[in-house]
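Below is one structure, written out as structure tokens; comments come after it.
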Amino acid sequence: MYGALRQFFRSLGYQEVETPALVPAPGMEPHISAFSVAYVPEMESASARTLYLHTSPEYAMKRLLASGSGPIFQICKVFRNGELSSAHNPEFTLLEFYRSDADYGQIMSDLERALEQVERAVGRARVFGEVPYQRITVRDAVLRHAGVDLRLCPDAASLHAAAKKAGLAVPSASSFEDVFFHLFLQKVEPQLGREKPTYLVDYPAAMASLARLKPGDAQVAERFELYVRGAELANGFSELTDATEQRRRLMDEQALRRISGKPVYPLDERFLGAVGRLPPCAGVAVGLDRVLMLLLGAQSIDEVLLFPAREFL
């Protein structure tokens, strides 16, 4: 699988890169927790501090894009605290790639072709099928499967009321994203990608802190996720290139983490300094363990890992 991916991306002019797993600031997503690491100095030039294992190489790869790298990709281990289930392992493998002078539509096309090559290389099952994949907006998917119109629900309170009226068991929550995920996981996600791979596109603007807003429709952002047989495989978007707006969004996520009682991570000032220098670009992160699960017909992520964390947790 890795060999097929490397050959494919090199054929398109992507350069493979490697970025640090140990970072001063992890991703700020409210629903993702990082592993913290105590740095204990043994030399006079350093001072004690908390570092983190990265939850994604995104910040570092965007700094490379801002410095003129051109199209880049990376296959790496990432770490997310507390995630352990049949589809989750706290350490897993991520493919992440970015292209300059592109939007999320072009990245979706590259991802389709990459998965086509992986399927040929592994050769166990026909999972991904013909391209292009099906595309459906978040609004249409939620309306179809849950009976809730997101256009009429601009905040957490209105979305909670609409979900309750539709007969869904959605507890009160502090944010729009919390309410959305309760609704989404119950009614929408299990139905996605059943007949053919499906891109869920155009997320509510409040749920895409690193993505640019869709031109002509500021209520949604150019974010997508790929679903196959009810499983989420990838998350990508057209990248935000406004440094001031990016800082505001990350500070909003800090506030959400604080309200929910989760650790509040520092802002990555080097990343923020690079955002304003980004060219128009887009990128995506792909969970390769889940891709392999589908191709091999595995029911648990443990089946595709030589040393699953469940051995010692």
- Message: Considering only residues that are in contact (Cβ under 8 Å) with a residue 24 or more places away in the chain, more than 18 Å from ASP289 (Cα to Cα), in a helix (DSSP H, G or I) and not aromatic (Phe, Trp, Tyr), which ones fall in the range 1-18?
- Response: GLN7
- Query: Are any residues in the range 219-240 outside any strand (DSSP E or B) and buried (at least 19 other Cβ atoms within 10 Å of the Cβ), and if so, which ones?
  - Reply: LEU240
- Task: Kindly check whether there is at least one residue in the range 69-79 that is without any contact (Cβ under 8 Å) to a residue 40 or more places away in the chain, surrounded by fewer than 22 Cβ atoms within 10 Å (Cβ to Cβ) and not in a strand (DSSP E or B).
- Result: no
- Exactly one of (1) hydrophobic (A, V, I, L, M, F, W, C); (2) loosely packed, with under 12 Cβ neighbours inside 10 Å; (3) closer than 27 Å to VAL118 by Cβ is unmet by PHE8. Its number? (2)
- Query: For PHE271, are the conditions met, namely being without any contact (Cβ under 8 Å) to a residue 12 or more places away in the chain and either crowded, with 21+ Cβ neighbours inside 10 Å or under 30 Å from LEU115 (Cα atoms) (or both)?
  - Reply: no
- Can GLU269 be described as within 17 Å of HIS54 (Cα to Cα) and at pLDDT 95 or above? yes
- Message: Among the residues that make up the range 292-308, is at least one of them among the hydrophobic types (A, V, I, L, M, F, W, C), more than 28 Å from ALA121 (Cβ to Cβ) and in contact with a helix residue (DSSP H, G or I) (Cβ under 6 Å, 6 or more places away or on another chain)?
- Response: no
- Item | Index of the failed condition, GLU130 passing every other in (1) closer than 30 Å to GLU58 by Cα; (2) modelled with pLDDT of 95 or more; (3) out of contact with any helix residue (DSSP H, G or I) (no Cβ under 6 Å at 6 or more places or on another chain) | (2)
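The values are calculated or read from the model by the stated rules, or taken from the named source; none is laboratory data. Quick caveat, the model's predicted, so the values are computed rather than measured. Cβ coordinates were reconstructed from backbone atoms using ideal geometry, including for glycine residues, and neighbour counts include every protein chain displayed.
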